Amino acid sequence: MKILLNGSPQEVPETTLSTLLENQGLGGAKVATAVNGAFIPATMRDDYLIQEGDSIEVLAPMQGG
Amino acid sequence: MRDFYGTQLKNGLMLGTAQYPSPAILASAFAQSEASVATVSLRRESGQNRAGQDFWELIRQLNVHILPNTAGCHSVKEAVTTAHMAREVFDTKWIKLEVIGEEDTLQPDVFGLVEAARILTEDGFQVFPYTTEDLVVAERLLHAGCEVLMPWGAPIGSGLGLNNVFGLRAMRAHFPDTPLVIDAGLGLPSQATQAMELGYDAILLNTAVAKAGDPAAMARAFALALQAGRLGAGADPMEPRDMAAPSTPVIGKAFLE
């Protein structure tokens, strides 16, 4: 199914948010996630089933002022 | 120095982590400044380069307090969601709350700021609001639960210094017990000294150090400027006066006409 991952269109299998992160090489990484503008805590990623058209943001520590 | 949500900082220097020529120079600037707080942000992560993971390792080694920001957020919803994500990633209740209202000046949207501050405070955050020197807005922020205020000195990245000394002085006088931080707009160490002389507790800066030709030297200069300002302010400065007053005693002066 088609989703937006950090703004880029992606074709991904039906899966959970946790598995998506692992498939993207971010398993165990220090990241936070949001789906369709709503924060999804790490503890809920196993339970979140990705839906067609979801816009998923995966954010990590970055330089800031 | 007043404490920040129960945390006593070793000094009043909060330093940003953006725009340095290299990670090594960033680390060197922090070492030279002895800053007690580092501001950080959140951005999209890619599994290919995992840049955020490397950056996090660098920040951990600085051994300073972490203050995540909501930089670039233009709405309450965006800022609140970013704050939640930051709390999870950085494992801190502290959040430097920015809700930007205007692009040319990066002036805070103070209406959205107050609303976001209230939402986040109710959710257990300890909010450091990037605000203006407006006393009414400041009152609203305190009422929303903020225990720290961070008025701008000048627009972010401008290096103009303290644009409204009267307003900043009034803010210090009006909120004698609230920790106050000059956030944004500083360009020179002398401006940091001036902030301390006004009785401010801390400064938060980034561009002035990161974009200097020698960031490490500039970081040291700001650290020393802060010390000078704090020492001077604590030494009960003289009152300025309009007319001259001779400092050398007149009594005993020779008559040589």
Might you check whether a residue that is at pLDDT below 95, within 13 Å of chain A (Cβ to nearest Cβ) and in a loop (DSSP other than H, G, I, E, B) occurs anywhere in segment B:93-109?
yes
Pairs where the first residue, in segment A:42-58, is farther than 12 Å from A:V12 by Cα and in contact (Cβ under 8 Å) with a residue 24 or more places away in the chain and the second is assigned to a strand (DSSP E or B) and small (G, A, S), C-beta under 6 Å, 6+ apart
A:E57/A:A34
Is at least one residue of segment B:101-112 within 30 Å of B:L224 (Cβ to Cβ) and more than 21 Å from the chain's Cα centre (by Cα)?
no
Condition check for B:A210: crowded, with 17+ Cβ neighbours inside 10 Å, modelled with pLDDT of 95 or more and either of a type in the set (D, E, K, R) or closer than 13 Å to B:L15 by Cβ (or both):
yes
Taking first residues from segment B:195-210 that are of a type in the set (D, E) and second residues anywhere that are in a loop (DSSP other than H, G, I, E, B), the pairs with Cβ under 6 Å that are 6 or more apart or on different chains are B:D201/B:M1; B:D201/B:R2; B:D201/B:G12; B:D201/B:P179
Candidates B:A31, B:A38, B:A24, B:A18, filtered to the one that is out of contact with any Lys or Arg (no Cβ under 8 Å at 6 or more places or on another chain), free of Cβ contacts under 8 Å to residues at least 24 places away in the same chain and among the hydrophobic types (A, V, I, L, M, F, W, C):
B:A24
Determine, yes or no, whether A:G37 is facing chain B (nearest Cβ under 7 Å) and surrounded by fewer than 14 Cβ atoms within 10 Å (Cβ to Cβ).
yes
Flagged in segment B:165-183 as surrounded by fewer than 16 Cβ atoms within 10 Å (Cβ to Cβ) and in contact with a Pro (Cβ under 9 Å, 6 or more places away or on another chain), in numbering order, are B:G167
Suppose we keep only residues that are in a helix (DSSP H, G or I) and out of contact with any Leu (no Cβ under 9 Å at 6 or more places or on another chain) within segment B:60-83. Which one would you say is farthest from A:A34 (Cα to Cα)?
B:Q61
Against the condition within 19 Å of the chain's Cα centre (by Cα) and either in a loop (DSSP other than H, G, I, E, B) or more than 25 Å from A:A29 (Cβ to Cβ) (or both), how does B:A116 come out, does it pass?
no
Which ones in segment B:15-55 are at the interface with chain A (Cβ under 7 Å from one of its Cβ atoms), touching a Pro at 6+ places or on another chain (Cβ under 6 Å) and β-branched (V, I, T)?
B:V40
Scan of segment A:12-34 for residues that are more than 10 Å from A:V58 (Cβ to Cβ) and more than 7 Å from every other protein chain (Cβ to nearest Cβ), ordered by number
A:V12, A:P13, A:E14, A:T15, A:T16, A:S18, A:T19, A:E22, A:N23, A:G27, A:G28
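Results for (1) surrounded by fewer than 23 Cβ atoms within 10 Å (Cβ to Cβ); (2) among the basic types (K, R); (3) modelled with pLDDT under 95; (4) under 18 Å from the mean Cα position of the chain (by Cα), shown as yes or no for each residue.
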| position | (1), (2), (3), (4) |
| --- | --- |
| B:S41 | no, no, no, yes |
| B:Q48 | yes, no, yes, no |
| B:T81 | yes, no, no, no |
| B:V136 | yes, no, no, no |
| B:R140 | yes, yes, no, no |
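The values are calculated or read from the model by the stated rules, or taken from the named source; none is laboratory data. Note that the coordinates shown come from a computational prediction; the quantities given were computed from them, not determined experimentally. All Cβ positions, glycine included, derive from the backbone under ideal geometry; neighbour counts span all protein chains shown.
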